[in-house]
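A short write-up of the structure that comes next.
Nothing in this text is a laboratory measurement; each read-out follows from the coordinates by a stated rule. Since the model is a prediction, treat every value here as computed from it, not as a measurement. In this analysis, Cβ positions are derived from the backbone assuming ideal geometry, glycine residues included, and neighbour counts consider all displayed protein chains.
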Amino acid sequence: MDDTRRSFVKAGGAALAAGMTGGAWGAQDKLAINGGAKVVTFPAAKVTALTKWPRYGASEKKALHELIDSGKFYEELPAFEKEWQAYTKSPFVKAHMNGTSATTSMYFALDLPPGSEIMVPSYTFFSTCLAMRFFGYVPIFIDIDPKTACFDLDDVKRKMTANTKVLVPMHSWGMPCEMDKISDYAKEKGLIVLEDAAHAHGASMQGKKMGTWGVMGIYSFQASKVMPTVEGGMGMYQTREYFERAAAYGHYEDPIKFPKDSPVRAYDGTGFGQKFRMHPFAAVLGRQQLRGLDERNAVVKKNIQALNSRIVQLPGLAEPRIRPDQERSYYNASMLLLDEKKAGFSRNALVKALQAEGVRASVWDYPEQHKLKIYSEAKWWHHAPKIPESMPGTTEVNRTHLFLPLLHGEVPELIDQYGKAFEKVWAHKSELAQI
Ligand SMILES: Cc1ncc(COP(=O)(O)O)c(C=O)c1O
């Protein structure tokens, strides 16, 4: 045990004996931000190794080498599609070069009249909202629920017009949107449901994988994603018609493979003008990564649960809400939400104090799509999108969240130190209010 650690144990013991709250911490243990010793003494290099992403190993390297030697590049694509299809239990899937191209193909496949309105979150990546532009569709920006960071059905109800045709919920950070309620409402109103499942590999609701609730959906396998192939994407389709149209859009050699009665079969050799095929190296990585997906998700979840079950006891700190029938995955980081009033200090003060203690806490605001230039210029759109004056749920999530890293390994000692750091900070609530 080094000196720093020994002094913590000693100080913690004294604090406990004095019956102090906030775990073992008391006012005599200075916050690191005020010159005290850091709680997290776990070696930084090991933390970096545990949080490294993407994680490729011997199996990915071997499979890539084998593909290069074999030269049978394109055989990897149907092989990956077959495995992903079996994993997600989706009737049809199509491997794409990225999530954006899968999204563009999905919007093409809709085949709706120009001017049709598609409801999308503003709290998302650009392609959810922007790729529809090429087909004359108009984004209607929908808020997120500040407790779930997911698509707010009440906002959908408020913004419905006679032109609204499609809903596109996005499962933020791997948290499933309430697809049962969204689907029921869509059915009642005759709307089409699509999904942006770019964050949600392995996530499900009522046992059904995300991306298979909507008639079409997409995944991204970009380097930061839960199942990374560096670049890559997948289209998910529940009907043959949508599958064939979406696949034909950017896969010029596919139409001939469709049954004789397919309306897009005659477009073999051209498709509809794009070339969106996945790179075979990405398919190789995807096949390898899929094998370990559930196991990696389980390790991450176990670590988050061990820490969160402890720290959400602290006043004002909460996880985004998840229903018992939803199985979430964790994309990129673990999100926590801070109620500053209940905690008695600001989110920014908390993050600074945690960082000083050695916790890799961070803040990252999703750029709100509706505020970006492209949506405000009518010339790019069939009908100019309506820019909402406010998006309270989106603003709230950006204002109250903090992120903790995902830990890819069994590290009870580090998790305990993270827990202690949070408790120490809360024990110094009044000092934090000054920061
Ligand atoms: C929510 C969301 N949708 C779609 C995409 C598009 O995926 P890609 O980067 O593979 O084009 C991303 C990727 O960042 C995303 O985060």
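Using the Cα centre of the chain as origin and beta-carbon charges of +1 (Lys, Arg) and -1 (Asp, Glu), tell me which of Gly35, Ala361, Pro412 is placed farthest towards the positive end of the dipole. Value computed over the given set: Gly35.
With all projection directions averaged, the alpha carbon convex hull of region 79-163 covers 6.9 nm². Here's the list of lysines a cross-link from Lys159 could span, going by alpha-carbon distance under 20 Å and ignoring same-chain residues fewer than 8 apart: Lys181, Lys187, Lys189, Lys371, Lys386. Size descriptor for region 158-241, Kirkwood hydrodynamic radius: 13.3 Å (Cα pairs only, one decimal). Expressed to the nearest 5 percent, the antiparallel share of DSSP beta bridges inside the chain is 60 percent. Please say if region 142-287 is rounded, prolate or oblate, where rounded means a/c under 1.5 for a ≥ b ≥ c the square roots of the C-alpha gyration tensor eigenvalues, and otherwise the choice is prolate for a/b larger than b/c and oblate otherwise? It is oblate, given that a/c is not under 1.5 and a/b is not larger than b/c.
Arranged by the count of other C-beta atoms within 10 angstrom, fewest first, what order do Ile218, Ile387 take? Show your work: numbers first, answer last.
On the way: Ile218 32, Ile387 13.
Ordered by Cβ neighbours within 10 Å, fewest first: Ile387, Ile218.
About its Cα centre, the chain has a charge dipole of approximately 520 debye under the convention of +1 per Lys or Arg Cβ and -1 per Asp or Glu Cβ, with nothing else charged. Taking a straight Cα-Cα cut-off under 25 Å and skipping sequence neighbours fewer than 8 places away in the same chain, the lysines within cross-link reach of Lys61 are Lys46, Lys52, Lys72, Lys82, Lys94, Lys225. Residue exposure proxy: Asp180, Asp339, Asp254, ordered by other Cβ atoms within 10 angstrom of their Cβ from fewest to most, comes out as Asp339, Asp180, Asp254. Whole-Hz Karplus values for region 239-247 come out as 10, 5, 4, 5, 4, 5, 5, 5, 5 Hz, taken residue by residue from phi with 6.51 cos²θ - 1.76 cosθ + 1.60 and θ = phi - 60°; glycine and proline positions read x. Potential lengthening of the chain between Arg291 and Asp416 amounts to 42.0 nm, from the contour at 0.36 nm per residue minus the alpha-carbon distance. Absence of a disulfide-compatible partner, taken as no other cysteine beta carbon within less than 4.7 angstrom, is noted in the chain for Cys129. Each of Asp69, Asp268, Asp29 was scored by other Cβ atoms within 10 Å of its Cβ. Listed from fewest to most, they are Asp69, Asp268, Asp29. Just check region 257-401 against the gyration tensor rule for me: Cα atoms, a ≥ b ≥ c as the square roots of the eigenvalues, rounded for a/c under 1.5, and otherwise prolate or oblate depending on whether a/b exceeds b/c. The shape class here is oblate. Applied to region 341-346, the Karplus parametrisation 6.51 cos²θ - 1.76 cosθ + 1.60 on θ = phi - 60° returns per-residue 3J(HN,Hα) values of 5, 5, 6, x, 8, 7 Hz, with x for Gly and Pro. Computed from Cα atoms alone, the Kirkwood hydrodynamic radius reported for the chain is 23.4 Å.
At q = 0.15 Å⁻¹ the log10 of I(q)/I(0) for region 212-289 amounts to -0.58, computed by Debye summation with a single uniform scatterer per C-alpha, solvent ignored. Taking the 0 to 90 degree range and rounding to the nearest ten, how far is the long axis of helix 3-17 tilted relative to the main principal axis of the chain, both from C-alpha atoms? Orientation of helix 3-17: about 70 degrees from the principal axis. Selection among Pro176, Cys150, Phe135 by position relative to the dipole of region 126-178 gives Phe135 as farthest towards the positive end (Cβ unit charges, Cα centre). The 3J(HN,Hα) values that the Karplus relation (6.51, -1.76, 1.60; θ = phi - 60°) gives for region 87-103 are, in residue order, 5, 8, 6, 9, x, 9, 9, 9, 6, 10, 6, 6, x, 5, 5, 5, 5 Hz. Gly and Pro appear as x. Other residues with beta-carbon under 13 Å from the beta-carbon of Lys30 carry, at +1 per Lys or Arg and -1 per Asp or Glu, a net charge of -1. Candidate cross-link partners of Lys352 among the aspartates and glutamates, defined by an alpha-carbon separation under 18 Å and a same-chain spacing of 8 or more, comprise Asp29, Asp339, Glu340, Asp365, Glu423, Glu431.
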